[in-house]
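Asks: Quick one: structure below, then a few questions.
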Amino acid sequence: MGMDGMEVIAIAVVIGLFYVVLKQFGVWEPLSLEDSCDGELELSMVRHQPEGLDQLQAQTQFTRKELQSLYRGFKNECPSGLVDEETFKSIYSQFFPQGDATTYAHFLFQAFDMDRSGSIRFEDFVIGLSVLLRGSVTEKLRWAFNLYDINKDGYVTKEEMMAIMTSIYDMMGRYTLPSVRDDSPYEHVERFFQKMDRNRDGVVTIDEFIETCQKDENIMASMQLFENVI
């Protein structure tokens, strides 16, 4: 797999693999009349009561009916109104039985758990989803950078990128074709930094990340793959 191919995986996996979560939460189930009538009523029947639909509509790119549909799927999967990390890992593991999705799911969970509470609220879910599916290219890239910036200090180090890359390889499994060598993640991280670390200071900043990605046609194409899926 060449450099461009790995970059597309590293960036697009943030959006593409999130399809797994969407499908698990029943996002594509059609709206019924009952949803539009009972959506507000359902908000008071869970342990965590999310913000009102009007407020969430203002904070996202979703319509009221889309939010109601999303909430129904979210509530069906997580009746308490909260998703804990073990549930999140379980969802991913179902779709990658030949690999180990645990570590990648952990990193993705951290990116969604904005207040570090140990649970993903419906608000966290739809705000992140809105960025990934309907945000601008810059917004999507900022979200991806936040995933890669594991310790949230504003920089991505080689160690952090190595952890993310290794988790992707682990999730995809050792049965991928063509097969990957044990040193493949390391090689791709080195190439990634050669391209991203423009001032050669050993870390990648958000500005370096966005600027480099925006100049890469493959990465830009990957940003468009899952627009308007709901």
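The values are calculated or read from the model by the stated rules, or taken from the named source; none is laboratory data. Treat the numbers as computed from the prediction; the structure is a model and nothing was measured. Neighbour counts run over all protein chains shown; Cβ positions are idealised from the backbone, glycine included. With ligands, DNA and RNA removed, areas are computed over all heavy atoms of the protein, side chains included. Shrake-Rupley method; radii C 1.70, N 1.55, O 1.52, S 1.80 Å.
Asks: Rounded to the nearest percent, how much of the accessible area of segment 71-137 (1.4 Å probe, protein heavy atoms only) is carbon and sulfur?
Replies: 50 percent
Asks: Here's a follow-up. Using mean Cβ contacts within 10 Å as the protection proxy, how do 80-92, 123-135 order, highest first?
Replies: Going by the mean number of other Cβ atoms within 10 Å, highest first, we get 123-135, 80-92.
Asks: Could you give each residue of segment 70-76 its phi-based ³J(HN,Hα) in whole Hz, using Karplus coefficients 6.51, -1.76, 1.60 with θ = phi - 60°, and x for Gly or Pro?
Replies: Whole-Hz 3J(HN,Hα) from phi for segment 70-76: 4, 5, 4, x, 4, 5, 4.
Asks: Compute log10 of I(q)/I(0) for segment 114-161 with the Debye formula, placing one identical point scatterer on every Cα and leaving out solvent, at q = 0.13, 0.15, 0.19 Å⁻¹, to two decimals.
Replies: -0.35, -0.46, -0.70
Asks: Using the beta-carbon distance between T138 and D84 and R0 = 35 Å, what value does 1/(1 + (r/R0)^6) give for FRET efficiency, to the nearest 0.05?
Replies: Once the sixth-power term is evaluated, E becomes 0.70.
Asks: What list of ³J(HN,Hα) values in whole Hz, one per residue of segment 135-145 in order, does the Karplus curve 6.51 cos²θ - 1.76 cosθ + 1.60 (θ = phi - 60°) give from phi, with Gly and Pro shown as x?
Replies: x, 5, 4, 4, 5, 5, 5, 5, 5, 5, 4
Asks: Suppose every Lys and Arg Cβ carries +1 and every Asp and Glu Cβ carries -1, with no other charges. What dipole size does segment 128-174 come out with about its Cα centre, to the nearest 20 debye?
Replies: Rounded to the nearest 20 debye, it is 200 debye.
Asks: Shifting gears a bit: Taking R0 as 30 Å, what FRET efficiency do you get between E190 and F95 from their Cβ-Cβ distance, rounded to the nearest 0.05?
Replies: Efficiency at R0 = 30 Å is approximately 0.50.
Asks: Further question on the same structure: Can you work out ³J(HN,Hα) from phi for every residue in segment 98-110, in order, using Karplus 6.51 cos²θ - 1.76 cosθ + 1.60 and θ = phi - 60°, giving whole Hz and x for Gly and Pro?
Replies: The phi angles translate into 8, x, 10, 8, 4, 5, 4, 4, 4, 5, 5, 4, 4 Hz.
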